[in-house]
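In what follows, a single structure is set out as C-alpha cells and then discussed.
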Amino acid sequence: GGTSGVLAVNGAAATINFISLKPSYDRATAMARFTGTSYGELRTDGYFSAPLADNVAFSVGGYVTSNPGFRRSDFDYTTYHFKAMLETKFAGGGFLRFTFKKGDQHDAYYADMPFASNGNGKIGDVPGLNGLRDNIAGRAFGQILVPDSCATGTCLRPFSLADGIHTQTTQYRIDLGKPLTDKISIFARARYLKASFDFNGIFPGSN
C-alpha cells in the first residue's frame, strides 16, 4: 500500500501502512516463513538483524513470490522486495538510520469478461467460459507489438501479458532523530525514490 489514501484510488479505507522492524541491538534475530495457496501462489519471507557494535546494528529482509493469479492463466508472475537498514545510536540519545529498498513486481492483469443473457432477463456465463475462474487473455498475448503514437518515436510498442503489470522501485532513505532536552527533540528525514511502471493491460476498443 501507499503512504496515504492519495495512493489508493477509490480505496482510502483499504490503505495499509507497513511499519518496518527496527534493527536489533540486543542479539541476532532471524525469521523465515513459507506460504502456499490453493490457487498456486508460492511465497518465501525472510528477515535477519544483528548488532555490529554496542551502538550499531543492521537488518535485512524481504520476500520472493511466484503467483499465477486468481484466474486460470498461462503465465506465472514473480515478485521480489528487499530492504536493508543500518542504524547507529548516539551516546546522548537519538539515532541515525540509512535504509535501502528494492522491488521488482509483476501482477496479473484481468481483461473484462463477457457474459450472456439467457433470454429470461438473467445474466450468466458464455457457454464454455467460467466467469469466475477463466481468463480470456491467453498465451497469444504473451509478447506482441501494439500500435502507438508515432510522435513517441516509434509506431509500435512491445506489449507483454507475460510481464503483466510491471513495477520497479529503488529507494534510499535517511532518518535522523536527536533529543535537545528532556521535552524537546528534533528529527529530519530525506527519501529518494526511482520508479518505473509498465501497465500491460487489454482494454475493449484499444486495438
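Looking only at segment 100-123, residues that are in contact with a strand residue (DSSP E or B) (Cβ under 7 Å, 6 or more places away or on another chain), of a type outside the set (A, V, I, L, M) and without any contact (Cβ under 8 Å) to a residue 24 or more places away in the chain come to 3 in all.
Under 30 Å from GLN171 (Cα atoms) and touching an Asp or Glu at 6+ places or on another chain (Cβ under 7 Å): which single residue out of TYR63, TYR110 fits that description?
It is TYR63.
Filtering segment 137-164 to residues that are surrounded by 12 or more Cβ atoms within 10 Å (Cβ to Cβ), touching a residue at least 40 places away in the same chain (Cβ under 8 Å) and closer than 15 Å to ASP74 by Cα leaves ALA137, GLY138, PHE141, GLY142, SER160, LEU161, ALA162, ASP163, GLY164.
In segment 142-194, what residues are β-branched (Val, Ile, Thr), in a strand (DSSP E or B) and farther than 20 Å from LYS89 by Cα?
ILE144, VAL146, ILE165, THR167, THR169, THR170, listed by residue number.
Could you tell me whether ASP134 is open to solvent by less than 60 Å² (accessible area, probe 1.4 Å), assigned to a loop (DSSP other than H, G, I, E, B) and over 14 Å from GLY201 (Cβ atoms)? So ASP134 fits the description; yes. Taken over segment 148-180, the criterion of being at pLDDT below 90 and either among the basic types (Lys, Arg) or over 30 Å from MET113 (Cα atoms) (or both) is satisfied by CYS150, ALA151, THR152, GLY153, THR154, ARG157. Inside segment 34-76, residues that are among the basic types (Lys, Arg) and surrounded by fewer than 16 Cβ atoms within 10 Å (Cβ to Cβ) make up a count of 2.
Considering only segment 188-203, I want to know if a residue exists there that is open to solvent by 70 Å² or more (accessible area, probe 1.4 Å) and more than 30 Å from LYS83 (Cα to Cα). Looking through segment 188-203, at least one residue is open to solvent by 70 Å² or more (accessible area, probe 1.4 Å) and more than 30 Å from LYS83 (Cα to Cα).
Scanning segment 19-72 for residues that are free of Cβ contacts under 8 Å to residues at least 60 places away in the same chain, part of a loop (DSSP other than H, G, I, E, B), within 18 Å of GLU87 (Cβ to Cβ) and not acidic (Asp, Glu) returns ILE19, LEU21, SER24, ARG27, ALA28, ASN55. Scanning segment 77-119 for residues that are open to solvent by 70 Å² or more (accessible area, probe 1.4 Å), of a type in the set (Gly, Ala, Ser) and either modelled with pLDDT of 95 or more or assigned to a loop (DSSP other than H, G, I, E, B) (or both) returns a single hit, ALA91.
The values are calculated or read from the model by the stated rules, or taken from the named source; none is laboratory data. As the structure is a prediction and not an experimental result, all values here were calculated from the model. Heads up, the Cβs are rebuilt from the backbone with ideal geometry, glycines too, and the neighbour counts pull from every protein chain shown. Quick note on the areas: whole protein, heavy atoms, side chains included, nothing else; ligands and nucleic acids left out. Shrake-Rupley method; radii C 1.70, N 1.55, O 1.52, S 1.80 Å.
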